[in-house]
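Only one structure is covered here, and it is reproduced in the block below.
The values are calculated or read from the model by the stated rules, or taken from the named source; none is laboratory data. The shown structure was predicted, so the numbers you read here are calculated from the model rather than taken from an experiment. Positions of Cβ are backbone-derived with ideal geometry, glycine not excepted, and every protein chain shown enters the neighbour counts.
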Amino acid sequence: MTPRVVGFAGRGLVLAVALLLALVASGTAATAKKKSAAKKPAAVPESLQVLATVGKEPIRRVDVQRRIDVLPEQYRANYSTPEGRQQLLDRLIEERVWLQRAKQDGVPERPIVKQQIEQQSRDLVVRTYLNELMAEAPPVSDEQARSYYDEHLSEYKLPASITLRHIQLKKESDAKNVKNQAKTKDWTALAKKWSTDTLTKNTGGSLGTVTLEGHFAVLGTQPALAESAFTLGKGAVGGPWKTDRGWHVIQVDDKREESVREFDQVKQVITRQLGSKNSQDYYRLQLETARREVGVKPDSAAIRAWLSQKKTAREMFNEAQAAGPPEARIEAYRKLLVTYPTADVSPQAQFMIGFIYSEEIKDYDKAEAEFRMLIQRWPKAELAPSAQWMIEHMRTEEAPPFLDLSPDSTGAHNAASGAAAKGAKKP
(Lines give C-alpha, C1' and ligand atoms only; values in the text may rest on other atoms or scores of the structure.)
Protein backbone atom coordinates (compact mmCIF):
# COMPACT_ATOMS: atom_id res chain seq x y z
CA MET A 1 0.00 0.00 0.00
CA THR A 2 2.84 2.34 0.70
CA PRO A 3 4.00 2.66 -2.91
CA ARG A 4 0.51 3.90 -3.90
CA VAL A 5 0.54 6.57 -1.28
CA VAL A 6 3.99 7.66 -2.31
CA GLY A 7 2.97 7.64 -5.96
CA PHE A 8 -0.04 9.77 -5.26
CA ALA A 9 1.98 12.22 -3.25
CA GLY A 10 4.59 12.37 -5.97
CA ARG A 11 1.98 13.13 -8.58
CA GLY A 12 0.64 15.95 -6.37
CA LEU A 13 4.07 17.35 -5.96
CA VAL A 14 4.58 17.31 -9.70
CA LEU A 15 1.28 19.11 -10.25
CA ALA A 16 2.13 21.73 -7.66
CA VAL A 17 5.49 22.40 -9.23
CA ALA A 18 3.91 22.66 -12.64
CA LEU A 19 1.30 25.04 -11.34
CA LEU A 20 3.96 27.18 -9.69
CA LEU A 21 5.99 27.30 -12.87
CA ALA A 22 2.90 28.34 -14.80
CA LEU A 23 2.20 31.17 -12.36
CA VAL A 24 5.77 32.36 -12.53
CA ALA A 25 5.68 32.33 -16.32
CA SER A 26 2.39 34.19 -16.33
CA GLY A 27 3.79 36.82 -13.95
CA THR A 28 6.92 37.18 -15.99
CA ALA A 29 4.88 37.70 -19.13
CA ALA A 30 2.67 40.28 -17.44
CA THR A 31 5.71 42.14 -16.12
CA ALA A 32 7.26 42.10 -19.54
CA LYS A 33 4.01 43.38 -21.01
CA LYS A 34 3.89 46.20 -18.45
CA LYS A 35 7.50 47.13 -19.16
CA SER A 36 6.75 47.14 -22.85
CA ALA A 37 3.74 49.35 -22.28
CA ALA A 38 5.76 51.70 -20.05
CA LYS A 39 8.32 52.23 -22.77
CA LYS A 40 5.65 53.70 -25.09
CA PRO A 41 5.50 57.51 -24.48
CA ALA A 42 2.19 59.10 -23.61
CA ALA A 43 0.65 61.35 -26.31
CA VAL A 44 1.35 65.10 -25.74
CA PRO A 45 -1.56 67.48 -26.44
CA GLU A 46 -0.95 69.59 -29.53
CA SER A 47 -1.16 72.80 -27.51
CA LEU A 48 1.75 71.68 -25.31
CA GLN A 49 4.05 70.60 -28.13
CA VAL A 50 7.42 72.30 -27.83
CA LEU A 51 8.30 74.32 -30.94
CA ALA A 52 11.68 75.52 -29.73
CA THR A 53 13.79 75.62 -26.60
CA VAL A 54 15.74 78.71 -25.59
CA GLY A 55 18.24 77.74 -22.92
CA LYS A 56 16.05 75.63 -20.69
CA GLU A 57 12.82 77.45 -21.48
CA PRO A 58 10.44 75.78 -23.95
CA ILE A 59 8.26 77.72 -26.35
CA ARG A 60 5.07 75.76 -26.87
CA ARG A 61 2.31 76.14 -29.39
CA VAL A 62 0.06 77.53 -26.68
CA ASP A 63 2.61 80.28 -25.96
CA VAL A 64 2.50 81.45 -29.56
CA GLN A 65 -1.28 81.26 -29.67
CA ARG A 66 -1.58 83.35 -26.52
CA ARG A 67 0.43 86.09 -28.23
CA ILE A 68 -1.89 85.96 -31.21
CA ASP A 69 -5.00 86.05 -29.01
CA VAL A 70 -4.01 89.30 -27.28
CA LEU A 71 -3.38 91.11 -30.54
CA PRO A 72 -6.02 93.56 -31.85
CA GLU A 73 -8.39 91.87 -34.25
CA GLN A 74 -7.06 93.72 -37.29
CA TYR A 75 -3.55 92.33 -36.74
CA ARG A 76 -4.39 88.69 -36.11
CA ALA A 77 -4.82 87.94 -39.79
CA ASN A 78 -1.10 88.64 -40.26
CA TYR A 79 -0.34 85.40 -38.40
CA SER A 80 -2.92 83.15 -40.01
CA THR A 81 -0.48 81.93 -42.66
CA PRO A 82 2.52 79.62 -42.22
CA GLU A 83 4.84 82.51 -43.02
CA GLY A 84 3.17 84.75 -40.47
CA ARG A 85 3.28 82.11 -37.74
CA GLN A 86 6.96 81.45 -38.47
CA GLN A 87 7.66 85.17 -38.23
CA LEU A 88 5.96 85.36 -34.84
CA LEU A 89 7.83 82.30 -33.57
CA ASP A 90 11.13 83.85 -34.66
CA ARG A 91 10.18 87.00 -32.81
CA LEU A 92 9.40 85.07 -29.62
CA ILE A 93 12.71 83.22 -29.85
CA GLU A 94 14.55 86.51 -30.33
CA GLU A 95 12.70 87.97 -27.34
CA ARG A 96 13.54 84.99 -25.11
CA VAL A 97 17.21 85.13 -26.13
CA TRP A 98 17.54 88.79 -25.17
CA LEU A 99 15.46 88.34 -22.04
CA GLN A 100 17.72 85.58 -20.79
CA ARG A 101 20.84 87.58 -21.61
CA ALA A 102 19.37 90.58 -19.78
CA LYS A 103 18.62 88.45 -16.74
CA GLN A 104 22.15 87.03 -16.79
CA ASP A 105 23.45 90.61 -16.83
CA GLY A 106 21.32 91.49 -13.81
CA VAL A 107 19.13 94.00 -15.61
CA PRO A 108 15.93 93.10 -13.70
CA GLU A 109 17.70 93.79 -10.42
CA ARG A 110 18.85 97.27 -11.35
CA PRO A 111 17.13 99.94 -9.20
CA ILE A 112 16.03 102.06 -12.15
CA VAL A 113 14.52 99.04 -13.92
CA LYS A 114 12.72 97.92 -10.76
CA GLN A 115 11.39 101.43 -10.32
CA GLN A 116 10.06 101.55 -13.87
CA ILE A 117 8.49 98.10 -13.58
CA GLU A 118 6.79 99.10 -10.34
CA GLN A 119 5.55 102.32 -11.93
CA GLN A 120 4.18 100.51 -14.97
CA SER A 121 2.54 97.95 -12.73
CA ARG A 122 0.85 100.68 -10.71
CA ASP A 123 -0.25 102.47 -13.84
CA LEU A 124 -1.73 99.30 -15.32
CA VAL A 125 -3.65 98.43 -12.16
CA VAL A 126 -5.01 101.96 -11.71
CA ARG A 127 -5.82 102.36 -15.41
CA THR A 128 -7.64 99.04 -15.54
CA TYR A 129 -9.71 99.86 -12.46
CA LEU A 130 -10.55 103.38 -13.65
CA ASN A 131 -11.57 102.13 -17.10
CA GLU A 132 -13.98 99.71 -15.47
CA LEU A 133 -15.23 102.38 -13.07
CA MET A 134 -15.71 105.06 -15.72
CA ALA A 135 -17.58 102.60 -17.94
CA GLU A 136 -20.38 102.88 -15.37
CA ALA A 137 -20.71 106.65 -15.81
CA PRO A 138 -24.28 107.51 -16.87
CA PRO A 139 -24.62 108.37 -20.57
CA VAL A 140 -26.03 111.66 -21.83
CA SER A 141 -29.74 111.37 -22.52
CA ASP A 142 -31.54 112.99 -25.45
CA GLU A 143 -33.46 115.12 -22.95
CA GLN A 144 -30.22 116.49 -21.48
CA ALA A 145 -28.85 117.29 -24.93
CA ARG A 146 -32.06 118.99 -26.00
CA SER A 147 -32.22 121.02 -22.81
CA TYR A 148 -28.63 122.22 -23.32
CA TYR A 149 -29.46 123.15 -26.93
CA ASP A 150 -32.49 125.22 -25.90
CA GLU A 151 -30.47 127.05 -23.24
CA HIS A 152 -27.58 127.87 -25.62
CA LEU A 153 -29.30 128.70 -28.90
CA SER A 154 -27.02 131.70 -29.40
CA GLU A 155 -24.06 129.32 -29.76
CA TYR A 156 -25.65 127.69 -32.81
CA LYS A 157 -26.61 130.76 -34.78
CA LEU A 158 -25.59 130.95 -38.42
CA PRO A 159 -24.89 134.55 -39.49
CA ALA A 160 -26.49 135.97 -42.58
CA SER A 161 -24.40 135.34 -45.68
CA ILE A 162 -24.31 135.94 -49.40
CA THR A 163 -22.64 134.09 -52.24
CA LEU A 164 -21.47 136.55 -54.86
CA ARG A 165 -19.35 137.31 -57.90
CA HIS A 166 -17.64 140.48 -59.00
CA ILE A 167 -16.00 142.20 -61.92
CA GLN A 168 -13.14 144.44 -60.83
CA LEU A 169 -12.22 147.48 -62.91
CA LYS A 170 -9.80 150.38 -62.67
CA LYS A 171 -12.19 153.16 -63.72
CA GLU A 172 -15.66 154.01 -62.44
CA SER A 173 -16.78 154.70 -65.99
CA ASP A 174 -15.76 151.22 -67.10
CA ALA A 175 -17.55 149.76 -64.07
CA LYS A 176 -20.80 151.59 -64.99
CA ASN A 177 -20.49 150.38 -68.55
CA VAL A 178 -20.03 146.75 -67.43
CA LYS A 179 -22.99 147.04 -65.06
CA ASN A 180 -25.22 148.14 -67.92
CA GLN A 181 -23.97 145.31 -70.15
CA ALA A 182 -24.64 142.77 -67.37
CA LYS A 183 -28.37 143.36 -67.82
CA THR A 184 -28.30 141.65 -71.26
CA LYS A 185 -24.95 139.86 -71.60
CA ASP A 186 -23.45 136.76 -70.01
CA TRP A 187 -21.77 137.59 -66.69
CA THR A 188 -19.00 134.99 -67.07
CA ALA A 189 -18.01 136.36 -70.45
CA LEU A 190 -18.00 139.92 -69.13
CA ALA A 191 -15.78 138.93 -66.20
CA LYS A 192 -13.30 137.20 -68.48
CA LYS A 193 -13.16 140.24 -70.80
CA TRP A 194 -13.18 143.13 -68.35
CA SER A 195 -12.10 142.08 -64.86
CA THR A 196 -8.66 143.16 -63.66
CA ASP A 197 -8.76 140.56 -60.89
CA THR A 198 -6.53 137.87 -62.40
CA LEU A 199 -7.44 135.38 -59.66
CA THR A 200 -11.17 135.31 -60.42
CA LYS A 201 -11.70 136.58 -63.98
CA ASN A 202 -11.57 133.05 -65.43
CA THR A 203 -14.02 131.66 -62.85
CA GLY A 204 -16.78 134.21 -63.45
CA GLY A 205 -15.44 136.50 -60.74
CA SER A 206 -16.47 134.11 -57.96
CA LEU A 207 -15.83 135.51 -54.45
CA GLY A 208 -17.46 132.63 -52.57
CA THR A 209 -19.64 133.13 -49.50
CA VAL A 210 -19.12 136.00 -47.06
CA THR A 211 -20.83 137.45 -44.00
CA LEU A 212 -21.31 141.05 -42.95
CA GLU A 213 -17.81 140.99 -41.44
CA GLY A 214 -16.54 141.08 -45.02
CA HIS A 215 -13.70 138.57 -44.96
CA PHE A 216 -13.15 137.81 -48.66
CA ALA A 217 -10.72 135.02 -49.53
CA VAL A 218 -9.48 136.96 -52.58
CA LEU A 219 -10.01 140.61 -51.64
CA GLY A 220 -9.11 140.42 -47.97
CA THR A 221 -11.27 142.21 -45.40
CA GLN A 222 -13.71 144.57 -47.12
CA PRO A 223 -16.62 145.22 -44.72
CA ALA A 224 -17.97 148.21 -46.69
CA LEU A 225 -18.18 146.17 -49.87
CA ALA A 226 -19.89 143.30 -48.03
CA GLU A 227 -22.39 145.70 -46.41
CA SER A 228 -23.22 147.19 -49.79
CA ALA A 229 -23.64 143.76 -51.36
CA PHE A 230 -26.04 142.74 -48.58
CA THR A 231 -28.47 145.43 -49.75
CA LEU A 232 -29.02 143.43 -52.94
CA GLY A 233 -31.44 140.59 -53.37
CA LYS A 234 -30.69 137.16 -54.79
CA GLY A 235 -29.80 137.42 -58.51
CA ALA A 236 -29.43 141.21 -58.40
CA VAL A 237 -26.51 143.19 -59.85
CA GLY A 238 -25.16 146.17 -57.94
CA GLY A 239 -22.40 148.76 -57.85
CA PRO A 240 -20.08 150.07 -58.81
CA TRP A 241 -18.48 150.26 -55.37
CA LYS A 242 -14.91 151.33 -54.74
CA THR A 243 -12.29 149.56 -52.62
CA ASP A 244 -8.53 149.86 -52.34
CA ARG A 245 -8.33 147.42 -55.26
CA GLY A 246 -10.51 149.34 -57.69
CA TRP A 247 -14.18 149.48 -58.70
CA HIS A 248 -16.46 146.48 -58.31
CA VAL A 249 -19.66 145.40 -59.96
CA ILE A 250 -21.39 142.71 -57.88
CA GLN A 251 -23.83 139.92 -58.72
CA VAL A 252 -25.48 138.01 -55.83
CA ASP A 253 -25.91 134.30 -56.55
CA ASP A 254 -27.45 133.36 -53.19
CA LYS A 255 -28.49 135.05 -49.98
CA ARG A 256 -29.25 133.49 -46.62
CA GLU A 257 -30.75 135.23 -43.63
CA GLU A 258 -29.48 134.67 -40.09
CA SER A 259 -30.65 131.30 -38.78
CA VAL A 260 -30.06 128.72 -36.07
CA ARG A 261 -28.68 125.26 -36.76
CA GLU A 262 -31.20 122.51 -36.18
CA PHE A 263 -30.88 120.36 -33.07
CA ASP A 264 -30.24 117.21 -35.09
CA GLN A 265 -27.28 118.94 -36.76
CA VAL A 266 -25.54 119.66 -33.46
CA LYS A 267 -26.83 116.80 -31.31
CA GLN A 268 -23.63 114.74 -31.58
CA VAL A 269 -21.45 117.72 -30.71
CA ILE A 270 -23.58 118.55 -27.67
CA THR A 271 -23.58 114.91 -26.57
CA ARG A 272 -19.78 114.79 -26.70
CA GLN A 273 -19.49 118.04 -24.75
CA LEU A 274 -21.92 116.94 -22.07
CA GLY A 275 -20.40 113.45 -22.01
CA SER A 276 -16.99 114.89 -21.26
CA LYS A 277 -18.39 117.09 -18.48
CA ASN A 278 -20.43 114.22 -17.05
CA SER A 279 -17.35 112.00 -17.02
CA GLN A 280 -15.34 114.63 -15.17
CA ASP A 281 -18.12 115.13 -12.62
CA TYR A 282 -18.55 111.39 -12.19
CA TYR A 283 -14.81 110.93 -11.71
CA ARG A 284 -14.62 113.65 -9.06
CA LEU A 285 -17.60 112.14 -7.24
CA GLN A 286 -16.08 108.66 -7.30
CA LEU A 287 -12.71 110.02 -6.17
CA GLU A 288 -14.22 111.80 -3.18
CA THR A 289 -16.14 108.67 -2.25
CA ALA A 290 -13.02 106.52 -2.53
CA ARG A 291 -10.98 108.98 -0.45
CA ARG A 292 -13.54 108.80 2.34
CA GLU A 293 -13.80 105.02 2.23
CA VAL A 294 -10.04 104.42 2.05
CA GLY A 295 -9.30 107.08 4.61
CA VAL A 296 -7.06 109.96 3.53
CA LYS A 297 -5.60 112.02 6.39
CA PRO A 298 -3.31 114.79 5.12
CA ASP A 299 -0.92 116.42 7.59
CA SER A 300 -1.23 120.11 6.76
CA ALA A 301 1.80 121.19 8.76
CA ALA A 302 4.02 118.56 7.17
CA ILE A 303 2.76 119.44 3.72
CA ARG A 304 3.43 123.16 4.24
CA ALA A 305 6.94 122.41 5.43
CA TRP A 306 7.56 120.17 2.46
CA LEU A 307 6.21 122.68 -0.05
CA SER A 308 8.26 125.51 1.40
CA GLN A 309 11.54 123.62 1.55
CA LYS A 310 14.53 125.38 0.07
CA LYS A 311 15.81 124.33 -3.31
CA THR A 312 19.20 122.67 -3.40
CA ALA A 313 22.22 124.45 -4.81
CA ARG A 314 22.30 122.06 -7.75
CA GLU A 315 18.62 122.73 -8.51
CA MET A 316 19.24 126.47 -8.43
CA PHE A 317 22.26 126.07 -10.71
CA ASN A 318 20.21 124.05 -13.23
CA GLU A 319 17.46 126.67 -13.15
CA ALA A 320 20.01 129.41 -13.75
CA GLN A 321 21.31 127.54 -16.80
CA ALA A 322 17.83 127.45 -18.28
CA ALA A 323 16.81 130.98 -17.26
CA GLY A 324 16.95 132.32 -20.83
CA PRO A 325 18.33 135.83 -21.47
CA PRO A 326 21.84 136.65 -20.17
CA GLU A 327 20.57 139.11 -17.55
CA ALA A 328 18.11 136.55 -16.18
CA ARG A 329 20.85 133.90 -15.90
CA ILE A 330 23.19 136.33 -14.13
CA GLU A 331 20.47 137.20 -11.62
CA ALA A 332 19.73 133.49 -11.01
CA TYR A 333 23.43 132.70 -10.48
CA ARG A 334 23.73 135.63 -8.01
CA LYS A 335 20.72 134.35 -6.09
CA LEU A 336 22.44 130.97 -5.82
CA LEU A 337 25.60 132.61 -4.45
CA VAL A 338 23.61 134.48 -1.80
CA THR A 339 21.68 131.36 -0.77
CA TYR A 340 24.61 128.92 -0.97
CA PRO A 341 27.89 130.86 -0.71
CA THR A 342 29.93 127.71 0.03
CA ALA A 343 28.22 125.05 -2.09
CA ASP A 344 30.23 122.89 -4.49
CA VAL A 345 28.57 124.62 -7.47
CA SER A 346 29.15 128.15 -6.15
CA PRO A 347 32.51 128.61 -7.96
CA GLN A 348 30.84 127.46 -11.18
CA ALA A 349 28.05 130.01 -10.67
CA GLN A 350 30.60 132.75 -10.10
CA PHE A 351 32.53 131.71 -13.20
CA MET A 352 29.37 131.70 -15.34
CA ILE A 353 28.53 135.28 -14.31
CA GLY A 354 31.93 136.42 -15.54
CA PHE A 355 31.68 134.29 -18.65
CA ILE A 356 28.26 135.71 -19.61
CA TYR A 357 29.53 139.27 -19.15
CA SER A 358 32.57 138.48 -21.27
CA GLU A 359 31.24 136.34 -24.12
CA GLU A 360 27.61 137.43 -24.42
CA ILE A 361 27.25 140.96 -23.06
CA LYS A 362 30.84 141.96 -23.99
CA ASP A 363 31.28 144.01 -20.81
CA TYR A 364 34.87 143.02 -20.07
CA ASP A 365 35.29 145.25 -17.01
CA LYS A 366 32.36 143.59 -15.23
CA ALA A 367 33.56 140.20 -16.41
CA GLU A 368 37.04 140.82 -14.98
CA ALA A 369 35.56 141.88 -11.64
CA GLU A 370 33.55 138.66 -11.47
CA PHE A 371 36.53 136.46 -12.41
CA ARG A 372 38.72 138.18 -9.79
CA MET A 373 35.99 137.59 -7.23
CA LEU A 374 36.16 133.86 -8.02
CA ILE A 375 39.94 133.80 -7.64
CA GLN A 376 39.71 135.67 -4.36
CA ARG A 377 36.95 133.59 -2.77
CA TRP A 378 37.91 130.17 -4.18
CA PRO A 379 41.65 130.33 -5.00
CA LYS A 380 41.97 126.53 -5.02
CA ALA A 381 38.85 125.88 -7.10
CA GLU A 382 39.18 124.02 -10.39
CA LEU A 383 37.89 127.07 -12.23
CA ALA A 384 40.36 129.55 -10.71
CA PRO A 385 42.97 128.96 -13.49
CA SER A 386 40.22 129.29 -16.07
CA ALA A 387 39.14 132.60 -14.57
CA GLN A 388 42.75 133.85 -14.71
CA TRP A 389 43.00 132.79 -18.35
CA MET A 390 39.81 134.72 -19.14
CA ILE A 391 41.16 137.86 -17.46
CA GLU A 392 44.30 137.71 -19.60
CA HIS A 393 42.74 136.75 -22.93
CA MET A 394 39.04 137.69 -23.07
CA ARG A 395 39.75 141.07 -24.68
CA THR A 396 41.57 139.34 -27.54
CA GLU A 397 40.17 137.31 -30.40
CA GLU A 398 41.59 134.12 -28.92
CA ALA A 399 38.83 131.72 -27.91
CA PRO A 400 39.12 129.92 -24.59
CA PRO A 401 40.56 126.45 -25.31
CA PHE A 402 38.69 124.91 -22.40
CA LEU A 403 35.16 125.89 -23.41
CA ASP A 404 32.78 124.75 -26.13
CA LEU A 405 31.49 128.09 -27.34
CA SER A 406 28.32 127.06 -29.13
CA PRO A 407 25.96 129.73 -30.55
CA ASP A 408 23.86 129.67 -27.39
CA SER A 409 25.36 129.69 -23.94
CA THR A 410 24.23 126.21 -22.99
CA GLY A 411 27.37 124.55 -24.33
CA ALA A 412 29.54 126.99 -22.41
CA HIS A 413 27.54 126.33 -19.25
CA ASN A 414 28.08 122.61 -19.46
CA ALA A 415 31.71 122.80 -20.49
CA ALA A 416 32.62 125.35 -17.85
CA SER A 417 31.45 123.06 -15.09
CA GLY A 418 33.63 120.19 -16.27
CA ALA A 419 36.56 120.74 -18.59
CA ALA A 420 37.56 124.28 -17.71
CA ALA A 421 40.43 123.57 -15.34
CA LYS A 422 42.09 121.05 -17.62
CA GLY A 423 42.07 123.37 -20.62
CA ALA A 424 43.19 126.37 -18.65
CA LYS A 425 46.60 124.79 -18.09
CA LYS A 426 47.39 125.18 -21.77
CA PRO A 427 49.79 128.05 -22.58
Residue pairs within 9 Å by beta carbon, gap of at least six or interchain, first lying in the range 178-193 and not assigned by TED's automatic domain parsing to the domain that holds L207, second part of a helix (DSSP H, G or I) and among the hydrophobic types (A, V, I, L, M, F, W, C), listed first then second, are none
Residues located in the range 225-252, provided they are free of Cβ contacts under 8 Å to residues at least 24 places away in the same chain and among the charged types (D, E, K, R): E227, K234, D244
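Conditions tested, residue by residue: (1) within 32 Å of the chain's Cα centre (by Cα); (2) over 30 Å from Q268 (Cβ atoms); (3) not assigned by TED's automatic domain parsing to the domain that holds L274.
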| residue | (1), (2), (3) |
| --- | --- |
| E83 | no, yes, yes |
| A137 | yes, no, no |
| V140 | yes, no, no |
| S147 | no, no, no |
Selection from the range 185-210 of residues that are farther than 15 Å from I250 by Cβ, within 47 Å of the chain's Cα centre (by Cα) and not in a helix (DSSP H, G or I): T198, L199
Those residues of the range 61-102 that are under 21 Å from Q49 (Cα atoms) and assigned to a helix (DSSP H, G or I) come to a total of 26
Which of (1) at pLDDT below 95; (2) closer than 30 Å to Q273 by Cα; (3) aliphatic (A, V, I, L, M) does L133 not meet, given it meets every other one? (1)
Condition first: part of a helix (DSSP H, G or I) and farther than 30 Å from I270 by Cα. Can you find one or more residues in the range 230-245 that meet it? no
Any residue at all in the range 212-221 that's assigned to a loop (DSSP other than H, G, I, E, B), out of contact with any Leu (no Cβ under 7 Å at 6 or more places or on another chain) and either within 23 Å of M134 (Cβ to Cβ) or basic (K, R) (or both)? no
Restricting to the range 143-166, and then to whatever is among the charged types (D, E, K, R) and touching a residue at least 60 places away in the same chain (Cβ under 8 Å), can you tell me which residue is surrounded by the fewest Cβ atoms within 10 Å (Cβ to Cβ)? K157
Among the residues of the range 164-184, which ones are assigned to a loop (DSSP other than H, G, I, E, B) and either in contact with a strand residue (DSSP E or B) (Cβ under 6 Å, 6 or more places away or on another chain) or within 11 Å of V237 (Cα to Cα) (or both)? K170, A182, K183
Return yes or no: is P385 under 34 Å from the mean Cα position of the chain (by Cα) and either assigned to a loop (DSSP other than H, G, I, E, B) or in contact (Cβ under 8 Å) with a residue 12 or more places away in the chain (or both)? no
If I ask for residues that are of a type outside the set (V, I, T) and buried (at least 17 other Cβ atoms within 10 Å of the Cβ), which ones from the range 167-180 would you list? Q168, L169, D174, A175, K179
Going through the range 225-251 one residue at a time, which ones are surrounded by 22 or more Cβ atoms within 10 Å (Cβ to Cβ) and more than 24 Å from K185 (Cβ to Cβ)? A226
If you scan the range 342-359, which residues turn out to be assigned to a loop (DSSP other than H, G, I, E, B) and of a type outside the set (V, I, T)? A343, D344
Scanning the range 328-361 for residues that are more than 21 Å from I375 (Cβ to Cβ) and without any contact (Cβ under 8 Å) to a residue 12 or more places away in the chain gives A328, E331
Among (1) buried (at least 16 other Cβ atoms within 10 Å of the Cβ); (2) out of contact with any strand residue (DSSP E or B) (no Cβ under 8 Å at 6 or more places or on another chain); (3) in contact (Cβ under 8 Å) with a residue 12 or more places away in the chain, there is one condition Q222 misses while meeting the rest; what is its number? (2)
